[in-house]
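The values are calculated or read from the model by the stated rules, or taken from the named source; none is laboratory data. Bear in mind that the values here come from a model prediction, so they are computed numbers and not experimental data. No Cβ is skipped: glycine too gets one built from the backbone with ideal geometry, and neighbour counts run over all protein chains shown.
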């Protein structure tokens, strides 16, 4: 995994947007479409707002969600709410090409299966995403692959439902779906993530994020998150 460190959150977000735009152009040139999955979080919302202003072949882009809280439509807890505010309202992305997780369905297991079917329809069977954007929790979780949850052991489905975590059940992409992606993009900011970033770099299997494959992975971090790294990150941006 390559790690690039930047002075602050905004610099990380700008670099992440540029990486996604570059990957999108390359994927469309090579395969005719770009299929990515995005996570939530404060820095990613800055990233997505910046991405809306980048040179991207939007008509050939499909956006999936990495995970989503089970909450009503429009709820501030929903990643989709912020995804629409930061990306859809500012970029000429066809609205039907944002594929939202159907967490308001009364049958969550069936909804997860249906989302998996949409992934297969758009990204192949089994689905291969061009890029998966991930964050890192202070407890080592990524996506909604959280410590101790049975979802960590789901290997026969693209999408699964978690138990209650931080007050909400969640729908999440599973390890096989994430690890099949052509590119993994980590965005990690803040001192609270420093210890876990070190363990992620060291591929610690005791934390959920440590089980994500690291070939073709890029981690964009701020200086606060990089404080526990003994070795200097591969490159430093200002």
Problem - Filtered residues of region 99-124 (kept if more than 13 Å from residue 157 (Cβ to Cβ) and without any contact (Cβ under 8 Å) to a residue 12 or more places away in the chain) - result: 105, 106, 107, 121, 124
Exercise for the section: Could you please let me know if residue 122 is within 20 Å of residue 33 (Cα to Cα), surrounded by fewer than 22 Cβ atoms within 10 Å (Cβ to Cβ) and in contact with a strand residue (DSSP E or B) (Cβ under 8 Å, 6 or more places away or on another chain)? Expected result: yes
Problem - Residue count for region 85-120, restricted to those that are outside any strand (DSSP E or B) and closer than 22 Å to residue 57 by Cβ - result: 15
Practice task
Spot the failing condition for residue 27; the list is (1) in a helix (DSSP H, G or I); (2) under 23 Å from residue 115 (Cβ atoms); (3) at pLDDT 95 or above; (4) under 15 Å from the mean Cα position of the chain (by Cα), and only one is missed.
Solution key: (4)
Exercise for the section: With the condition kept exactly as written, say whether any residue in region 201-217 is in a loop (DSSP other than H, G, I, E, B), loosely packed, with under 14 Cβ neighbours inside 10 Å and touching a strand residue (DSSP E or B) at 6+ places or on another chain (Cβ under 8 Å). Expected result: yes
Exercise for the section: Assess whether residue 41 counts as being at positive phi and out of contact with any strand residue (DSSP E or B) (no Cβ under 9 Å at 6 or more places or on another chain). Expected result: no
Fill in the blank from the handout: Taking region 51-76 and keeping only residues that are exposed (fewer than 15 other Cβ atoms within 10 Å of the Cβ) and either at pLDDT 95 or above or touching a strand residue (DSSP E or B) at 6+ places or on another chain (Cβ under 9 Å) (or both), one is left with 53, 55, 59, 75
Fill in the blank from the handout: Filter region 133-171 for residues that are within 21 Å of residue 193 (Cα to Cα) and not in a loop (DSSP other than H, G, I, E, B); the one that is modelled with the lowest pLDDT is 165
Completion exercise
Taking region 219-238 and the residues there that are surrounded by 15 or more Cβ atoms within 10 Å (Cβ to Cβ), in contact with a helix residue (DSSP H, G or I) (Cβ under 9 Å, 6 or more places away or on another chain) and part of a loop (DSSP other than H, G, I, E, B), the one that is modelled with the lowest pLDDT would be 233
Problem - Any chance residue 42 is loosely packed, with under 15 Cβ neighbours inside 10 Å and within 12 Å of residue 187 (Cβ to Cβ) - result: yes
